[in-house]
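To start, the structure itself, in C-alpha cells.
Read-outs: derived from the displayed coordinates by stated rules, not from any lab. In this text the structure is predicted, and so the values were computed from the model without any measurement. With ideal geometry, Cβ positions are generated from the backbone for all residues, glycine too; neighbour counts draw on all protein chains shown.
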Amino acid sequence: IPDCGLDERGTKVFDFGSRQFYFVLGAGLKPMVRDADGRRRANLPEPGKQDDPEKAQQAITDWKLLKKLLTQVVKTQATRLELAMCNERRWKTCEFQKLLVEHPLMTHLVQQLVWGCYDRSVPLVTTFRVAEDRTFTDCKDNTVILNDMASVGVVHPCDLDEETRAAWRQILSDYEIIPAFSQINREIYTLKPEETDKYALTRFNDINLTYLADKPGWVRSYEGVDNGYLCWYSRQFPAANIGVRIGGDIDGCCFYPIHTSDLPVNDKFSDRINSLGAVRLGDVSPIVVSEVIRDLSSLSFDKQ
C-alpha cells in the first residue's frame, strides 16, 4: 500500500515560509489541509505577501500531486476495509499494528472505524477505536490493551447489540468522526419468518441484476448453453464458508458451501447445488444474510 508521500506519523507539511498547513483526511475521504488554528480547508490558499514565493509554489505543487495520488488510493483501501468487515477478515494483533495502525496512509482510515478484538473462546471480546495518538479506547473512552494472542477485525454491526451501537454513535459524534464507509449506522437486514426454512431467497426474483457487479465483492459470470449463454452473479464469504449465487439456471438467490464451486464446470450449477445441497437460509450467518439482502435491496430501489 503506497504511503503517498506522508511521513511515518501520517502527516505532510505544506510550508509557505511564514505559515504551514497540514494534511488531514476529511469527510467523504476527501484530502484537506488544516492551518495552525485548526481550521480545515479544501485547498491551500493563494500565497500572501508575507509568504515565501518559492516555498509556497512548491507547497502548492506538492499538494496537487498528493490530492491526485490520494483520491484513488484512499477509495480503493476504504473498499478493501469494507469488504474485510463483510468477509469477517481478521488480523493478528501485531499485523494490525504494523500494517494498519502504523501505516502513514491507512492509519487515517483506521481511525475512522470501530474495531473488534476477537478470541477463539469468545467471538467478540471488546470493541475499540484508534485515537489520533494511536492508542485504543472503547465506547466509554476507557483504554483498551490488546492481547497479543487475539485477532482484530472491522466489527460488523450485526455483532453488536443496540446499546453498544448507540454508544459508538455517540462517541463518533462527540469526536466528529465520519466513518470511511457506513458501519455503525449500516442497515441490518434479516430474513422474514417464512424464509428461514427455505433454501433460496426468492423475494428479489424480479429485479434487474445488471448493476450487481458494481457492488464490492460481486462477480458477473457467463456460461454457454445450447441456445446461447447464461449470466449469473456470485459472491463469496470465506470466513462463513458460504458462496452466494443469483441468476442463471437457479430460482432465487442461493447460498451454498464454497467448495461447491470446485465441481466440474460443465455440470449445471443447479445440478451441483442439488448434489451437495444448498444451505438452509436460517443456517446462514446473519452477516452474510444482511449483506446480500442489503445489496439486492439497493438494486430494487435503483430500478424504481
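Summary of computed values
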item	result
Burial ordering of Tyr229, Tyr189, fewest other beta-carbon atoms within 10 Å first	Tyr229, Tyr189
Kirkwood-based Rg to Rh ratio, the range 1-115, C-alpha trace	1.04
Leading residue at positive end of dipole, the range 13-83 (Cβ point charges), from Gln58, Gln20, Leu70	Leu70
Packing-based ranking, highest mean first, of 88-100, 287-299 given that Cβ atoms within 10 Å are counted	287-299, 88-100
Within a Gaussian network of the chain (alpha carbon springs, distance under 10 Å), most fluctuating of Ala78, Ala36, Ala180	Ala36
Anchor Lys64: lysines whose Cα lies under 25 Å away (excluding residues fewer than 8 positions away in-chain)	Lys12, Lys30, Lys49, Lys55, Lys75
Within the range 109-144, trypsin sites (Lys or Arg not before Pro) in DSSP loop having at most 16 other beta-carbon neighbours inside 10 Å	Arg120, Arg134, Lys140
Inter-site label distance for Lys55 and Asp206 at 7 Å from Cα along Cβ, in nm	6.7
Selected from Thr127, Thr202, Thr107 as most flexible by GNM, with the chain as the system and alpha-carbon contacts under 10 Å	Thr202
Ranked list, fewest to most other Cβ atoms within 10 Å of each Cβ, for Met32, Met149, Met106, Met85	Met149, Met32, Met106, Met85
Helical segments meeting 15 Å axial Cα length and Kyte-Doolittle -0.5 threshold in the chain (DSSP H)	53-86, 286-303
Alpha-carbon centroids, the range 233-252 and the range 203-222: separation in whole Å	11
At 1.306 mPa s and 10 °C, Stokes D of the chain from Kirkwood alpha-carbon radius, µm² per second	72
Options Phe128, Cys139, His103, ranked by Cα towards positive dipole end of the chain, top entry (Cβ charges)	His103
Fluctuation leader among Leu65, Leu25, Leu124 - the chain, Gaussian network, Cα springs under 10 angstrom	Leu65
